[in-house]
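Engineer: Here it is, the structure in full.
The values are calculated or read from the model by the stated rules, or taken from the named source; none is laboratory data. Since the structure is predicted, the reported quantities are computational estimates derived from the model, not experimental observations. Methodologically, a virtual Cβ is constructed for each residue, glycine included, from the backbone with ideal geometry; neighbour enumeration extends over all protein chains shown. For accessibility, only protein heavy atoms count, side chains too; no ligands or nucleic acids. Shrake-Rupley method; radii C 1.70, N 1.55, O 1.52, S 1.80 Å.
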Amino acid sequence: MEILKNIFNQFQVKQTVVKIEVLASGHINDTYLVYCSNGLNYVLQKINDQVFNNLNEIILNKVIVSNHLKTSYQKSNNKYQIAGFIKTENDAFFVEAHNGCWTLMEYIPKSKTIDRALNEKQVFEAAKLFGNFIAHTETLNTEGIIETLPKFHSVPFRFFQFEEALKQAKGSRKAKAHELISFALEHQKEMFLLSELKEKDNFPIRVTHNDAKLSNILFDKEDNGLAVIDLDTVMPGIVHFDFGDSIRSICSNTVEDSEDLEGTTINLKFYKAFCKGFALETSNILTSEEKRYLPLGVKTIIFIMGLRFLTDYLNNDVYYKTAFKEHNLVRAKNQMALLKSAIQNYDEIKRITYSSFNL
């Protein structure tokens, strides 16, 4: 605790630390809740330099976006909040200590996170917040935001990685994954389309969150949305990435490593609730072309995640942490089952989407 106190004291907060607790949110960074004598709390976070090797750029992105949102919310009297960053004594936004970079953020009181949606209200509230994030960063110049994870949602790039893994994969692993391999090859052409349209400038480049899952939303005790958190992956991108990732992670009827493949389906009630909330915040700013391709964003992001899990399995599990021998194969099967559900329900998905966005 003394080490954490010493790091905390390097920031511009002249308060006595009462106690420090581990804050259970996220699986990549070390995050702590700091209680101070004046009754205010702060979030002290060590950014994982094993995952992120360009920490300066990541922190700069986070500060620029959070400052922009705070200003935008104040000007528009918006009810949502954003955790601002506290400067160090040296007027920087991070401290280098103990093999990492540490940032200090404001704590949003009376808030909670939810890992899995239990009802349509939670989905609706999350959708409004992620949509609000897109809407309120629209005026932020994307040229000032660094692409910290190049080709993160590029299907051509992910497919190249898959093909390279396939060349060197063990015969036993290829045999166990042969149905998934065939499925990936079969749907390759359609899954390339969003990336091709992006390269042709068919869509505006926006500031996107790139990890738009339910646990990155703060709720109050009555399940009203409060804030978007975890801006580590904020980058320039297209809206379809955030929309699709939200649907993939929030609107599946199982968790992503469930072996219940028959039960791994798109929850259409949740999908409708998400579209309603997202459209409420973004309908006036998205182009007709963006809206028309939102359903394809759902299929594309699910495909990317399935392909990444499959690639890692073929590479002998070198990227994702695994809890058992064929964990990545199970994950890949789960995501491809979810994609099959999206394909089977695609007409209804498009109907719901177009109705929500008045297309």
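Engineer: Those residues that are assigned to a loop (DSSP other than H, G, I, E, B), closer than 21 Å to Phe274 by Cα and either open to solvent by 70 Å² or more (accessible area, probe 1.4 Å) or among the hydrophobic types (A, V, I, L, M, F, W, C) (or both), I need them from the range 171-212; list them, please. Don't jump to the end; show me each part of the working.
Structural biologist: Applying the first criterion (assigned to a loop (DSSP other than H, G, I, E, B)) to the range 171-212 yields 177, 187, 192, 200-205, 209-212.
Those still in the list that are closer than 21 Å to Phe274 by Cα too: 209-212.
Within the range 171-212, just Ala212 meets the criteria.
Engineer: Got at least one residue in the range 341-348 being open to solvent by less than 10 Å² (accessible area, probe 1.4 Å), at pLDDT 95 or above, hydroxyl-bearing (Ser, Thr, Tyr) and touching a strand residue (DSSP E or B) at 6+ places or on another chain (Cβ under 6 Å)? Full working, then the answer.
Structural biologist: Step one: list which residues in the range 341-348 are open to solvent by less than 10 Å² (accessible area, probe 1.4 Å), which gives 341-342.
Right, trim to at pLDDT 95 or above and you get 341-342.
Subset that is hydroxyl-bearing (Ser, Thr, Tyr): 341.
Checking the rest, the ones that are also touching a strand residue (DSSP E or B) at 6+ places or on another chain (Cβ under 6 Å) come to 341.
Checked the range 341-348: at least one residue is open to solvent by less than 10 Å² (accessible area, probe 1.4 Å), at pLDDT 95 or above, hydroxyl-bearing (Ser, Thr, Tyr) and touching a strand residue (DSSP E or B) at 6+ places or on another chain (Cβ under 6 Å).
Engineer: Right, here's the next one. What residue, of Thr233, Thr287, is farther than 24 Å from Ala83 by Cα and either of a type in the set (A, V, I, L, M, F, W, C) or open to solvent by 10 Å² or more (accessible area, probe 1.4 Å) (or both)? Reasoning before the result, please.
Structural biologist: Numbers: Thr233 fails: farther than 24 Å from Ala83 by Cα.
After ruling out the rest, the residue left standing is Thr287.
Engineer: For Gly277, indicate whether it is more than 15 Å from Ala117 (Cβ to Cβ) and small (Gly, Ala, Ser).
Structural biologist: Working: more than 15 Å from Ala117 (Cβ to Cβ): no; small (Gly, Ala, Ser): yes.
Taking the combined requirement at face value, the residue does not satisfy it.
Engineer: Looking only at residues that are more than 19 Å from Lys198 (Cβ to Cβ) and either modelled with pLDDT under 95 or touching a Leu at 6+ places or on another chain (Cβ under 7 Å) (or both) in the range 141-163, which one is most open to solvent (accessible area, probe 1.4 Å)?
Structural biologist: If we filter the range 141-163 for residues that are more than 19 Å from Lys198 (Cβ to Cβ), which is where we start, we get 144, 162-163.
Subset that is either modelled with pLDDT under 95 or touching a Leu at 6+ places or on another chain (Cβ under 7 Å) (or both): 144, 162.
Numbers: Gly144: 38, Phe162: 0 Å².
Ranking the candidates gives Gly144 first.
Engineer: Here is a further query. Could you tell me which of the residues Phe274, Phe241, Phe219 is in contact (Cβ under 8 Å) with a residue 12 or more places away in the chain, within 25 Å of Leu23 (Cα to Cα) and either open to solvent by 50 Å² or more (accessible area, probe 1.4 Å) or within 18 Å of the chain's Cα centre (by Cα) (or both)?
Structural biologist: Just one listed residue meets the conditions, Phe219.
Engineer: For residues in the range 77-109 being without any contact (Cβ under 8 Å) to a residue 60 or more places away in the chain and not in a loop (DSSP other than H, G, I, E, B), which is most open to solvent (accessible area, probe 1.4 Å)?
Structural biologist: Only one residue tops the list, namely Glu96.
Engineer: Restricting to the range 79-105, and then to whatever is among the acidic types (Asp, Glu) and at pLDDT 90 or above, can you tell me which residue is nearest to Asn54 (Cα to Cα)? Show your work before the answer.
Structural biologist: Of the residues in the range 79-105, the ones among the acidic types (Asp, Glu) are 89, 91, 96.
Now narrow it down to the ones that are at pLDDT 90 or above: 89, 91.
Numbers: Glu89: 23, Asp91: 20 Å.
Taking the candidates together, the pick is Asp91.
Engineer: Leu314 is checked against (1) touching a strand residue (DSSP E or B) at 6+ places or on another chain (Cβ under 9 Å); (2) surrounded by 15 or more Cβ atoms within 10 Å (Cβ to Cβ) and fails just one. What number does that condition carry?
Structural biologist: (1)
Engineer: Still on this model: Only residues in the range 169-195 that are closer than 17 Å to Val298 by Cβ count as the first member; pair them with residues that are hydroxyl-bearing (Ser, Thr, Tyr), Cβ under 6 angstrom, at least 6 apart or cross-chain, and list the lot.
Structural biologist: Sorted first by the residue in the range 169-195, then by its partner, the pairs are Met191/Thr300; Leu194/Thr300; Ser195/Ser154.
Engineer: All but one of (1) assigned to a helix (DSSP H, G or I); (2) of a type outside the set (A, V, I, L, M, F, W, C); (3) open to solvent by less than 10 Å² (accessible area, probe 1.4 Å) hold for Thr264; which doesn't?
Structural biologist: (1)
Residue-wise test of (1) modelled with pLDDT under 95; (2) within 19 Å of the chain's Cα centre (by Cα).
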site: Ser37; (1), (2): yes, no
site: Asn41; (1), (2): yes, no
site: Ile59; (1), (2): yes, yes
site: Asn77; (1), (2): yes, no
site: Asn119; (1), (2): no, no
site: Phe130; (1), (2): no, yes
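Engineer: So which pairs qualify, if the first residue must be in the range 52-70 and farther than 13 Å from His136 by Cβ, the second must be in a helix (DSSP H, G or I) and open to solvent by less than 20 Å² (accessible area, probe 1.4 Å), the Cβ gap must be under 7 Å, and the two must be at least 6 apart or on different chains?
Structural biologist: Within 7 Å, the pairs are Phe52/Ile58.
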